[in-house]
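For reference, the structure is listed below as structure tokens.
The values are calculated or read from the model by the stated rules, or taken from the named source; none is laboratory data. None of the values given here were measured: they were computed from a predicted structure. Counting neighbours? That spans all protein chains shown, and the Cβs are built from the backbone with ideal geometry, glycine included.
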Amino acid sequence: MSFIDSVLLGLSLVGNVEAFASLFIGIVIGVIGGAIPGLSATMAVALTLPFTFAMSPINGILLLLGVYKGGIFGGCIPAILIKTPGTPASSATILDGYPMAERGESGRALGMALWASCTADLVSNLSLILFAGWLASFALKFGPPEFFTLILFSLTIIAGVSGNSLLRGALSAILGLLLATVGLDLVYGTNRFTFGDPNLMGGLNFIAVLIGLFAVPEIIAMAAHPTAHLGKARSLGKTWVSFDDYRRSLKTILRGSMIGVFLGSIPGIGAAPAAFLSYSEARRTSKNRANFGKGEIEGVAASEAGNNGVAGATLIPLLALGVPGDVITAIIIGAFMIHGLQPGPMMFVLNVDLIYGLLIGLVVSSVFLLIVGTVAIRGFKYVADIPRRILMPAVLVLCVFGVFAVNNNIFDVAVMFAMGWLGYLMMRAEIPAAPFLIAFILGPLLEDNFRQSMLMSGSDLSILARGPITWFFWAATVLAIVAIVRSTMRPDTQAG
Amino acid sequence: MDINRRLGLVSLALAAVLCLAAIPAFVSSPSNVRNIVLSPTFWPYVLSGLLALTGVILVFTRYTEAGETADGAADSAEPVPGAGLRLAGIAAVMILTVLLLPRLGMVWTSMLAFAASAFLYRTRHPVTALVCAVLVPLGLYAFFAHVAGVAIPQGQFVRLP
């Protein structure tokens, strides 16, 4: 099938009002979710997921991708206006965005953030179109040993989503892997940690675990500290971003986009490191480097280009290899699974219309983001005014309905609350939740591919290093572990 | 005792419980397994070993990793008056939600959970909270029951169309 045929097939799937309406609504939800501090793009995607059950796969996934794209941009609005990032990815935007807001240039900073985000989003989507198909065709050669080493490698770069502590990130990942062992054994069908309860035989419900980990802890934390969220939003000011501002920052935006694409295509790194790397590169090479941190518009452009450049690229490993690029794409995997789809190289053979439909939708999403973002910047006042002490009870009720709807099972609601308390305790102990969720998804895949390899080889471990692909992933894994150990040891050495 | 050491000790205790009690008792393995690596217990034992290893490293690692500041730790530990009571309250709301779902139905239980949690959060908009407590579950019921076709539990008392 030629590229044109594939595009036409994709167009036949998304060439209707429902598909584009889903994408548009998703971006609106995402921008609002990202703009409310404490809600975050991750929670917005998780809470939207149950609403996709009744939709066709393409519309449901486009809705979630819209939420993802909108959420990443939306996070910059409170970062600039109230110095509180809506998403972790927007943390770098505060550095220059908030000083601009203090000078009365909020509108200019937000305008540049929007233009940089849309440009980076487009670059990221185009790279997805260029690389995902190529990577998927290469991955068709993968057997269980290759997938085992790939997933092992993906698990080592969980370090990227571990926040301040790699060790606590590793602990979180191991707990996620342990929880994934609950249910019937994959080979022999015997019970593992089911305690005789039939509800546990299929394993813990993925949606209950993810909503429990990402939404419920915020509900509990709100009870502990009901006034922690109160802040003051600044006005937009009278200055707006000009085309000349955009032209001067274009090189920075394109460099940031490429950094985002590169880091986003590596599973586990995510948007926040891309934003900070893009920002530091911009500061290193800029003529105005002395103004960085004091309200330099190029700094806002760099950080927003970095974090939005990731948003399309994280879908490269998701679609081509079936491995999530970050925590949000880990949630989006859930949407694929609910609709009976398994992301990975075979999807490019069996569901080529869906793949190209998604790619077309993603390109259109950059335009929608520009429209929605322009309105959202002016309407943030209304979003900021939603009382969080009413919003959080609404989130609680939404979680209950959403989790129940997956399997029509009240047990899943109980699992969600239990996971919520685990997530809250992890939050208090500063153990990041993202490695837990990624490991919970990758755990069964890792074990399944390992045991399939052992069955293939008659338990000969040498099959795990049977060719250049496995050698590559083993080498990458070792390098990643060395880098992780070195970065963990360095602060201790300095402290000592 | 710093946070890493406490986490390390908890990890070691959890690994010990898994290896000595939980895996032998709650993971069944057929007697005809040809090789240890194919056994259903192999993976849980490997993970327990990794948990113990992480625990040991955590015990011997000081809490001085990149990006950590004493200020940040102090902020998160700052006590808020009545926090313990409110946490117990939200836990009770969650437990009661699960227990009441089959009896009262999802809509009525959600209305009560909404109102109770808004009260716990000491909302400054009690009337809006009560209106939302009624409208949000009804709206969600309308979507999930009539659009998504989900069989929402109706309870034993008042049934909705």
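Looking only at the stretch B:25-35, which residues are surrounded by fewer than 12 Cβ atoms within 10 Å (Cβ to Cβ) and part of a helix (DSSP H, G or I)? Step through it out loud before you land on a result.
Taking the stretch B:25-35 and keeping what is surrounded by fewer than 12 Cβ atoms within 10 Å (Cβ to Cβ), we get B:25, B:31-32, B:34.
Within the stretch B:25-35, B:Ala25 is the sole residue that qualifies.
Considering each of A:Arg248, A:Arg255, A:Arg289, A:Arg283 in turn, give the residue that is charged (D, E, K, R), out of contact with any Cys (no Cβ under 8 Å at 6 or more places or on another chain) and within 19 Å of A:Ser127 (Cα to Cα). Break it down into steps so the answer makes sense when it comes.
Values: A:Arg248 fails: within 19 Å of A:Ser127 (Cα to Cα); A:Arg289 fails: within 19 Å of A:Ser127 (Cα to Cα); A:Arg283 fails: within 19 Å of A:Ser127 (Cα to Cα).
Only one candidate qualifies: A:Arg255.
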Report summary line: Note on A:Val17: of the conditions (1) crowded, with 24+ Cβ neighbours inside 10 Å; (2) at pLDDT 90 or above, unmet is (1)
Requested in this report: Could you run through the stretch A:184-218 and say how many residues are among the aliphatic types (A, V, I, L, M) and surrounded by fewer than 23 Cβ atoms within 10 Å (Cβ to Cβ)?
Outcome: 6
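Can you name the residue in the stretch B:1-21 that is over 22 Å from A:Leu446 (Cα atoms), among the hydrophobic types (A, V, I, L, M, F, W, C) and facing another protein chain (nearest Cβ under 8 Å) and is also surrounded by the most Cβ atoms within 10 Å (Cβ to Cβ) among such residues? Steps first, please.
Step one: list which residues in the stretch B:1-21 are over 22 Å from A:Leu446 (Cα atoms), which gives B:1-14, B:16-17, B:20-21.
From what is left, the residues that are among the hydrophobic types (A, V, I, L, M, F, W, C) are B:1, B:3, B:7, B:9-10, B:12-14, B:16-17, B:20-21.
Filter once more, so that each one left must be facing another protein chain (nearest Cβ under 8 Å): B:3, B:7.
Details: B:Ile3: 18, B:Leu7: 23.
Looking at residues that are over 22 Å from A:Leu446 (Cα atoms), among the hydrophobic types (A, V, I, L, M, F, W, C) and facing another protein chain (nearest Cβ under 8 Å), I get B:Leu7.
Would you point out which residue out of A:Ile484, A:Ile431 is farther than 22 Å from A:Ala44 by Cβ, assigned to a loop (DSSP other than H, G, I, E, B) and at pLDDT below 90? Working first, answer last.
On the way: A:Ile484 fails: assigned to a loop (DSSP other than H, G, I, E, B).
Just one listed residue meets the conditions, A:Ile431.
Per-residue answers, yes or no, for (1) aliphatic (A, V, I, L, M); (2) modelled with pLDDT of 85 or more:
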| residue | (1), (2) |
| --- | --- |
| A:Arg103 | no, no |
| A:Ala120 | yes, yes |
| A:Leu130 | yes, no |
| A:Phe138 | no, no |
| A:Val187 | yes, no |
| A:Asn191 | no, yes |
| A:Thr194 | no, yes |
| A:Phe206 | no, no |
| A:Leu213 | yes, yes |
Query - Residues of the stretch B:27-47 satisfying the condition of being within 8 Å of chain A (Cβ to nearest Cβ) and either of a type in the set (S, T, N, Q) or more than 30 Å from A:Asp460 (Cβ to Cβ) (or both) - result: B:Ser28, B:Ser29, B:Asn35
**Report entry** Residue count, the stretch B:96-108 (criterion: within 8 Å of another protein chain (Cβ to nearest Cβ) and either surrounded by fewer than 22 Cβ atoms within 10 Å (Cβ to Cβ) or touching a residue at least 40 places away in the same chain (Cβ under 8 Å) (or both))
**Finding:** 4
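From the set of residues in the stretch A:79-110 that are of a type in the set (Ser, Thr, Tyr) and either free of Cβ contacts under 8 Å to residues at least 60 places away in the same chain or surrounded by fewer than 24 Cβ atoms within 10 Å (Cβ to Cβ) (or both), which is farthest from A:Ile377 (Cα to Cα)?
Here the answer is A:Ser91.
So is A:Gly373 touching a residue at least 40 places away in the same chain (Cβ under 8 Å) and either among the aliphatic types (A, V, I, L, M) or in contact with a Ser or Thr (Cβ under 9 Å, 6 or more places away or on another chain) (or both) or not?
Yes.
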Query - Any chance A:Met416 is among the aliphatic types (A, V, I, L, M), in a helix (DSSP H, G or I), surrounded by 23 or more Cβ atoms within 10 Å (Cβ to Cβ) and modelled with pLDDT of 85 or more - result: yes
Query raised in the report: Restricting to the stretch A:21-44, what's the tally of residues that are modelled with pLDDT under 85 and of a type in the set (Val, Ile, Thr)?
Result: 2
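Tally the residues that are in a helix (DSSP H, G or I) and either closer than 25 Å to A:Val349 by Cβ or not basic (Lys, Arg) (or both), restricting the search to the stretch A:279-331. First the steps, then the outcome.
Within the stretch A:279-331, the subset in a helix (DSSP H, G or I) is A:279-285, A:289-291, A:297-313, A:315-321, A:327-331.
With either closer than 25 Å to A:Val349 by Cβ or not basic (Lys, Arg) (or both) added as a condition, the list becomes A:279-282, A:285, A:290-291, A:297-313, A:315-321, A:327-331.
Total satisfying the criteria: 36.
Which of the residues belonging to the stretch A:225-251 are at pLDDT below 70 and acidic (Asp, Glu)?
Looking only at the stretch A:225-251, we keep the residues that are at pLDDT below 70, and these are A:228-238.
Within the stretch A:225-251, none qualify.
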Query raised in the report: Are any of the residues in the stretch A:377-388 more than 24 Å from B:Leu58 (Cα to Cα) and facing another protein chain (nearest Cβ under 9 Å)?
Result: yes
Requested in this report: Pick out the one residue from B:Ala145, B:Ala129, B:Ala115, B:Ala151 that is on the phi < 0 side of the Ramachandran plot, surrounded by 21 or more Cβ atoms within 10 Å (Cβ to Cβ) and small (Gly, Ala, Ser).
Outcome: B:Ala129
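List the helices (runs of 4 or more DSSP H) that sit entirely inside the stretch A:1-63 and contain at least 3 residues that are more than 15 Å from the chain's Cα centre (by Cα).
Values: elements: A:3-14, A:17-35, A:40-48.
Correct list: A:3-14, A:17-35.
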